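Reading through the structure tokens given below for one structure.
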Amino acid sequence: MKLHYRELGEGKPLMILHGLFGFSDNWQTHAKKLAEYYRVILVDLRNHGHSDWSDEFSYDIMAEDVIELAHDLELEDLILVGHSMGGKVAMTVAQKEDELLEKLVVVDMGTKSYPMHHEHILAGIHAVKVDEIKARREAEEQMSAHIESEGVMQFLLKNLYWKEKGKLAWRMNVDVLEREMPEILKALPEGEVFAPTLFIRGELSNYIREEDFESLENQFLDARIVTIEGAGHWVHAEAPTEFLETLLSFCLR
């Protein structure tokens, strides 16, 4: 699949892959700062953002999409950054085509499987009656019955757009994402990765625990794990300054 993407800046390529229910817009603030140093490529993964929808959805398929884009853009010595689900896509790219990468950055995501924990998010999405509402504030009111976090709610509502006059729609393919949740949550296959790798974890997140460090370091042979204090799963949004400093320190060394 030909993915939608946008570019900022010039120089060595740095590609960013968003997480589940996200899209490239979520990374614009960081991308503008990174563009002072790099040619930044913000990608919408399949079934997200402005990229096409498809019934086919797996880490292998998403990784092949990213590899195809990298080849189309003739990228070399790529720094690949992925958050959450995008982190698993990035790790799969590294397993498939390690020589494409100069460095790999995985933001708050491990290789292991995770239990289902998106029920409230899916309930909030389904609560929004996109065929009936006439204003975004109505969507917020409907979603708020299921989602307490204002930040999470606004993150999800960024996916709403005016498909036509007076009619809202989701940019993300909700039906496929919900159906493929077991695929999204499953563990990645084992496979050594030689590219220098930085794992950035949030101190308050349970996606990468200290007991996971050994297995990550055994699989990613040149790995460094950094913890951002006081941050949860959305490390880049909750601690933007510390996150950017950590990322640039690794990428520019």
Inset, instruction - Please name all residue pairs, on different chains or six or more residues apart, with Cβ atoms under 6 Å, provided the first residue is in segment 158-185 and is touching a residue at least 24 places away in the same chain (Cβ under 8 Å) and the second residue is charged (D, E, K, R) and assigned to a strand (DSSP E or B). - result: ALA169/LYS163
Inset, instruction - Determine which member of the set ASP98, ASP77 is in the same structural domain as LEU247 (by TED's automatic domain parsing), within 17 Å of LEU198 (Cβ to Cβ), at pLDDT below 95 and surrounded by fewer than 21 Cβ atoms within 10 Å (Cβ to Cβ). - result: ASP98
Legend entry - Conditions (1) touching a Phe, Trp or Tyr at 6+ places or on another chain (Cβ under 8 Å); (2) under 28 Å from THR241 (Cβ atoms): number failed by ALA90: (1)
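Only one of these is at pLDDT 95 or above, over 19 Å from LEU204 (Cα atoms) and buried (at least 20 other Cβ atoms within 10 Å of the Cβ): MET109, MET143. Name it. Lay out the reasoning, then the answer.
Details: MET109 fails: over 19 Å from LEU204 (Cα atoms).
Matching residue, one of MET109, MET143: MET143.
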Legend entry - Considering residues of segment 1-30 that are charged (D, E, K, R) and part of a loop (DSSP other than H, G, I, E, B) only, the residue farthest from MET181 (Cα to Cα): GLU10
Inset, instruction - May I ask you to list pairs of residues, at least six apart or on different chains, whose Cβ atoms are under 8 Å apart, with the first in segment 74-92 being under 18 Å from GLU10 (Cβ atoms) and the second being assigned to a loop (DSSP other than H, G, I, E, B) and modelled with pLDDT of 95 or more? - result: ASP77/LYS12; ILE79/LYS12; ILE79/TYR38
Legend entry - From LYS134, LYS163, residue being in contact with a Gly (Cβ under 7 Å, 6 or more places away or on another chain) and not hydrophobic (A, V, I, L, M, F, W, C): LYS134
Legend entry - Residue within segment 125-148 that is among the β-branched types (Val, Ile, Thr), out of contact with any His (no Cβ under 8 Å at 6 or more places or on another chain) and in a helix (DSSP H, G or I) present: yes
Legend entry - Meets criteria (crowded, with 21+ Cβ neighbours inside 10 Å and modelled with pLDDT of 95 or more) for LYS88: yes
Inset, instruction - Could you pull out every one of the helices (runs of 4 or more DSSP H) wholly within segment 173-253 that has 1 or more residues that are in contact with a His (Cβ under 8 Å, 6 or more places away or on another chain) and closer than 12 Å to ASP108 by Cα? - result: 235-238, 240-251
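If you check HIS83 against the conditions, is it buried (at least 21 other Cβ atoms within 10 Å of the Cβ) and modelled with pLDDT of 95 or more?
Working: buried (at least 21 other Cβ atoms within 10 Å of the Cβ): yes; modelled with pLDDT of 95 or more: yes.
Yes; evaluated as a whole, the condition is true for this residue.
Within segment 29-58, which residues are within 23 Å of VAL174 (Cα to Cα) and free of Cβ contacts under 8 Å to residues at least 24 places away in the same chain?
Let us first name the residues in segment 29-58 that are within 23 Å of VAL174 (Cα to Cα), namely 42-58.
Selection gives GLU56 alone.
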Legend entry - Filter result for GLU183 (closer than 17 Å to LEU20 by Cβ and either surrounded by fewer than 18 Cβ atoms within 10 Å (Cβ to Cβ) or touching a strand residue (DSSP E or B) at 6+ places or on another chain (Cβ under 9 Å) (or both)): yes
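The values are calculated or read from the model by the stated rules, or taken from the named source; none is laboratory data. Just so you know, these numbers come straight off a predicted model, no measurement behind them. Here the Cβ is made from the backbone with ideal geometry for all residues, glycine too, and neighbour counts use every protein chain on show.
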